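A short worksheet on the structure shown next.
The values are calculated or read from the model by the stated rules, or taken from the named source; none is laboratory data. Quick caveat, the model's predicted, so the values are computed rather than measured. Note that each Cβ is placed from the backbone with ideal geometry, even for glycine, and that neighbours are counted across all protein chains shown. These area figures cover heavy atoms from the full protein model, side chains too; ligands, DNA and RNA do not enter into them. Shrake-Rupley method; radii C 1.70, N 1.55, O 1.52, S 1.80 Å.
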Amino acid sequence: MYKHMCTAIIIILLSSITVFSENIDLPKKESLHIFLLAGQSNMAGRGKIAEQDKIPHPRLLSLNKSKTWVPAIAPIHFDKSAAGVCLAQTFGLTLLESNKDITIGLVPCACGGSPISTWSPGVSWKQTQSNPYDDAIERTRYAMQFGVLKGILWHQGESDCTAELSQDYEKNLQNVIRRFRKDLDAPDVPFIIGQMGKFKESPWTAEKNFVDQAHKTVAAKMKNVYFVSADGLTCKDDHIHFNAPSLREFGRRYAKAYLSASK
């Protein structure tokens, strides 16, 4: 009897979640602003979740793993079980403060540990058992049935900070940007690049400086590509990932860059 009661409770809880997700009223297509979230773990977010990160906003949505629009609360990503606070929530909230007539639709697609080579058609990434680029295109195209793609947020590069991989990073990043814009039929969509963490606990190598310079150079060379500084942001105890307060601040910086570009 106890087993049957537990099963019944689980079914009721799952049913309530499904109803809640499916009952979200989407605005008119032109009012739903879509943002693709791409890159590796610092975009997916590994920050510790607090109560403030679990508060839903009626105009801030996320496309979950099963491609259902749900409230954008942490964790937004689902690439790994370690997913936590990411920068996208404060990014979206900041945009909503500047425009009361829009709804933000986030499309989480970042894959922890993924080198830039995996952000190409047909390439898989074993750590997340996914095809980062193909999945991002498929999920974003689906989201664009309901809204308009307004930007691509990118944080990636740590996995390419080796003597061999860093040399081709600038060229590879330009190719990624061109490919995203072509495959999403969005030739001028803003592409925002976040700087890798500059943590005193983990001094940069020459290769990391090289990738950082590639980020800045691509932003300077390509139209509607922007670079966001990570100055002053701090890390978790692992000395690899931004902590939750820094990710919240990073999201506001991404939003500031986007709003400045949109003027």
Check: Out of the residues in region 196-208 that are free of Cβ contacts under 8 Å to residues at least 12 places away in the same chain and part of a loop (DSSP other than H, G, I, E, B), which is most open to solvent (accessible area, probe 1.4 Å)?
Finding: Lys200
Notebook entry, point to check: For Arg252, are the conditions met, namely being open to solvent by 50 Å² or more (accessible area, probe 1.4 Å) and basic (Lys, Arg)?
Noted result: yes
Note to self: Yes or no: region 114-135 includes at least one residue that is of a type in the set (D, E, K, R), over 21 Å from Ala230 (Cα atoms) and touching a Ser or Thr at 6+ places or on another chain (Cβ under 7 Å).
What the structure shows: no
Checklist line | Given (1) open to solvent by less than 10 Å² (accessible area, probe 1.4 Å); (2) in contact with a Ser or Thr (Cβ under 9 Å, 6 or more places away or on another chain), number of the condition Pro58 does not satisfy | finding: (1)
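Taking the condition of being in a helix (DSSP H, G or I) and either at pLDDT below 95 or surrounded by 17 or more Cβ atoms within 10 Å (Cβ to Cβ) (or both), how many residues in region 214-225 meet it?
4
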Checklist line | Only listed residue being open to solvent by less than 30 Å² (accessible area, probe 1.4 Å), over 25 Å from Val211 (Cα atoms), in a loop (DSSP other than H, G, I, E, B) and among the small types (Gly, Ala, Ser), chosen from Ala82, Ala74 | finding: Ala74
Checklist line | Set Val211, Val228: member being in contact (Cβ under 8 Å) with a residue 12 or more places away in the chain, closer than 30 Å to Lys54 by Cα and either open to solvent by less than 60 Å² (accessible area, probe 1.4 Å) or not β-branched (Val, Ile, Thr) (or both) | finding: Val228
Check: Name the pairs: first residue in region 40-60 and closer than 22 Å to Ser159 by Cα and aliphatic (A, V, I, L, M), second residue outside any loop (DSSP other than H, G, I, E, B) and open to solvent by less than 10 Å² (accessible area, probe 1.4 Å), Cβ to Cβ under 6 Å, at least 6 apart or on different chains?
Finding: Met43/Leu37; Met43/His155
Note to self: Given the condition open to solvent by 40 Å² or more (accessible area, probe 1.4 Å), basic (Lys, Arg) and modelled with pLDDT of 95 or more, answer yes or no: does some residue in region 38-47 qualify?
What the structure shows: no
